[in-house]
Every structure is written in structure tokens, then in C-alpha cells.
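The values are calculated or read from the model by the stated rules, or taken from the named source; none is laboratory data. Predicted, not measured: the structure shown is a model, and the values here were computed from it. Cβ atoms come from the backbone with ideal geometry, glycine included; neighbour counts cover every protein chain shown.
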2 protein chains.
Amino acid sequence: MMNNDAKTSSLAHIENLIPSLSIDCVIVGFKNQELHVLTMKLKGADLNALPGGFVRHHENLDQAALRTLKERTGLTVTFLEQFYTFSDVNRGKDKRIEQHLNKANLLTPGTKIWMQQRFISTAYLALVEMNQCDLKPDLLSEKCEWYPMNNLPHLLFDHNTIITKALEHLKVKIRYLPIGIALLPHKFTMKEIQSIYEFILNKKLDRANFQKKILRLGFLIRHEKQLSGGAHKAPYLYSFDRKKYNLLVENGIGFI
Amino acid sequence: MMNNDAKTSSLAHIENLIPSLSIDCVIVGFKNQELHVLTMKLKGADLNALPGGFVRHHENLDQAALRTLKERTGLTVTFLEQFYTFSDVNRGKDKRIEQHLNKANLLTPGTKIWMQQRFISTAYLALVEMNQCDLKPDLLSEKCEWYPMNNLPHLLFDHNTIITKALEHLKVKIRYLPIGIALLPHKFTMKEIQSIYEFILNKKLDRANFQKKILRLGFLIRHEKQLSGGAHKAPYLYSFDRKKYNLLVENGIGFI
């Protein structure tokens, strides 16, 4: 496959890259009760793609993913993990990018041939606080754009499939791990954390029942309300008990 | 890295293979209250490795894993899933295999150069019933050998690390999914299924408590004891309710 053109910023030395192998990053944030995914809008084209890149001979996949994220979005993330390697034989066939590259004359002939290989892509999931992000698109992207995870455009290649798989991965994680510490600000409401669970599980949860279950796990701290004007109407705020949170991450939440 | 020499059975046409990419299979069975892993003992050497192989241009990773398993072990498995892609820069550096290959003169010069690439390897987990296996080692292996997962020899390359990661993957799965249908015979005892959980979680579980929790999930059927000689001393036998089991696989077992 040809991978997205924005990846070419690091393509100055093709000979330093492992052939046939790429990485793609699904960067997820939370806003307005919805999970969002970061995409890159390519310069001069109505095309968006996941931030991605290639793997250098001296680095492993984790290092390549961290470097790519930093280079392409300016992000340094705290939660980043590999979740699946995508290898469909036809995953790179997307006429839109070929047309765009030909039109825009963005690549040298050598680079174009290299990009036309079949690529197998290892995908990473990053969870971030959206308002902590200082996004910087790379040379070949016009801007970084957040999209609600349930309302994505038709992204390049198999990138929509990759995002669907990332959501499935989150659905698995949420069943045995506490979640949210990387997505939420320091203080948040019960409604906000419930929204994350509802979004990932794709179903409404009973408010009282959710609150009971999540508090029983012991990783949330409830803060006293400030005594001021209409404050009695404000909801309780919570934060994470990092020690208990990490203990649960280590031991897992299981039915056994 | 050079991957294990047994992989060369399918190396007649290097030009048909994707460079730098391999697959490794962790095939897990259950016997004597312990999980076991299948390894291949290389011909004429005191070296064992995971069954593995390479990826052809016209196949995806799943297809490559299925083909390799069949070619190298004679196995057709029912449970096979990708769990991680290994990419440490030095993962393929293992003097033992170089010495063996030089000594045994097993490879043509062209194949040797190809094998000396750095390989990134996508690992698959297969769960099987050990006594249903009809193992057939390939041309370059002397035999297939099962090892208890907690008592493995020093395998080639990073294969011990791959197995450790496979066990972690099982530990995650066991927290949100029913498990055992691929490992156990049609009928089994409560002690056997408890052993699988204990092995994967690496801790003793209270017998009564385990029984209560696992039966509450509803995917086990208890069979009446046969009325014969000393049969009243025999434990109850169980089998899986496949419909309920599959429903739980679909929906997951969560705390929420």
C-alpha cells in the first residue's frame, strides 16, 4: 500500500527505514460527553488520515510510535500502547491518495516507488487530555483535526477500520481495568466518567448503579463542595486516587 | 534477526515473502493441571523454538499464521488470535542459531543473507486440546515437543519473552471472557477448569468460592453421575453450554 503522504516528512532517507512496515496512531480524547479521534488533514486535499509513520532500523515499534506522535502532532503522551497489526492485502489501495499525490507532485519518483509497497501497519492507541494538546501539524499536513469517534469522515486506507478496532480494544480494557485517568482533567464529575463508560460500551447505564459500582472499586476520591452562592446545585467533583488506580491496573478487575 | 531455521521449509522462493516480517505461534494446551506450550526441536541441535514462519505477498498475517501452523505442526486450530508484534532491535541476535546453521550447512548463501535481516514478528496465540493434536514436524525439525509453560528451556531468540506475553494476554482474557472450551475435552471436572484459572492467574483460588462464581456465569452444564461401582466417589463432570459460552464471549463479563 501507499501510506499517507504526510508520512513523507521523515522520508528523506528511505534507506534508513524498514521496508513494508508502518505504524498508525489512534489518539483519543474526551469532550462534550464523546470520545474524539485526532486526524491529520492533508495539504490541499479534502483527505484526512491517522497520524502515522515508518520504522527506522535502529528503533523498535514503541519508539517509532512515540517519535511519530511527537513529530507529527507535537504531542508527548502518557498512555500509549500497541493494540493490533493490520495486514489486509489490499489495505493500501486508495485511489484518492494516488490522485492527490500525482496532482500535488509531492514526492520524488524514488519515494513514490517506495510508498507503493504493500505495508503492514502496527497500530497504537493513545489516550490524551484534549485541552492539554499543543498540536503542530507536520510539513505535509494542513492541520490537525479532532473528530467525534462516532462521526468520522471516510479516512484514507483502512483507517476507519483501525479506529473501530481501537474502540473494541477499549471495550475490552474497560471490563478489567480502571479507565479515565489519561482522558479526564484533574477534577471531573460522575456524569463525565459515566459518559466515557457509556460511550465505550455503547449503551446507557443506570446512574445510581454505575455510581455504586465505580465507587466500590475505590479509585475515586470525592471532593467536598465549595460553600458559595449557587454551589449547592453544582455536582460533586471527583479525582483519581492514583495509588489505588495503579494497584487496580496491576491486579485487574475480574469476576474471579 | 535470523529467525529459526525450521522456517526455511517455505523459503524456496524468498522473492514471494515480505521482507523483515515473520510470525510466531504460541500453541497452548492443558495437561496434568498445567498449561503447556508447543515447541519445535531443531534437527541435530539442542535448540527449541516456537513454530513460526514468514508472510507471503498475497496473504495477510492471519492466513500466514494458519498456514504455518498447518505446515509445521499438522495442526488445524479452532482458536487462533494475534496478540502482539515484537520488534526489539536485538531480538534476532542469538549466537546459538548462527553456530548451528553454519555447522549444519542448512541454508544456501542467498537464504542466509535473507535470514540475517532484522525481523519484526507478529505473535499468535492458539489454544488446543493436546490429545487431539496430530503433530508432524517439518523438514528442518526433529520433533515437536510440549513443555510446561512454567518450566521452559531457554528457547531461541526472544521466544521466552513471547510466551510470557502470551500468558499475560490470557490473564487479561480470563477476566472478561469465559475460557477453556478450546483447552478441555468434552467432559471435564471442576478441578480441571479451576486449575486453568489458577495457572493463568498464578494463584490458588478457594474451591467453593470459585465454583459458586463460575457456575453463576451459567456457561457450564453439570452432568449426573453414572450409577455404578465406586462411582459415588467420582467427581461431577461438566461440559460447556456452547450457546451461553458464545453469548458471554460476545458480551464480555464485566464489573459494569
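Structure notes:
- In region B:144-189, residue farthest from residue B:221 (Cα to Cα) [restricted to those that are charged (D, E, K, R) and not in a helix (DSSP H, G or I)]: B:158
- Selection of region A:192-226 for residues being under 21 Å from residue A:37 (Cα atoms) and either out of contact with any Gly (no Cβ under 9 Å at 6 or more places or on another chain) or exposed (fewer than 11 other Cβ atoms within 10 Å of the Cβ) (or both) yields A:194, A:195, A:198, A:199, A:200, A:202, A:203.
- Some residue of region A:222-238 being small (Gly, Ala, Ser), touching a Leu at 6+ places or on another chain (Cβ under 9 Å), part of a loop (DSSP other than H, G, I, E, B) and away from chain B (no Cβ under 12 Å): no
- If only residues of region B:12-68 that are closer than 15 Å to residue A:119 by Cα and among the small types (Gly, Ala, Ser) are counted, the one that is farthest from the other protein chains (Cβ to nearest Cβ) is B:22.
- Residue satisfying condition, being more than 25 Å from residue B:57 (Cβ to Cβ), within 14 Å of chain B (Cβ to nearest Cβ), surrounded by fewer than 22 Cβ atoms within 10 Å (Cβ to Cβ) and of a type outside the set (Val, Ile, Thr), within set A:81, A:71: A:81
- So residue A:88, is it part of a loop (DSSP other than H, G, I, E, B), assigned by TED's automatic domain parsing to the domain that holds residue A:15 and of a type in the set (Asp, Glu): yes
- The residues on offer are A:94, A:134, and the sole one that is more than 14 Å from chain B (Cβ to nearest Cβ), crowded, with 18+ Cβ neighbours inside 10 Å and among the charged types (D, E, K, R) is A:94.
- Qualifying residues in region B:148-206 (those that are at positive phi and within 14 Å of chain A (Cβ to nearest Cβ)) - the one modelled with the highest pLDDT: B:202
- With respect to (1) buried (at least 20 other Cβ atoms within 10 Å of the Cβ); (2) part of a loop (DSSP other than H, G, I, E, B); (3) of a type outside the set (Ser, Thr, Tyr), the lone exception for residue B:125 is condition (2).
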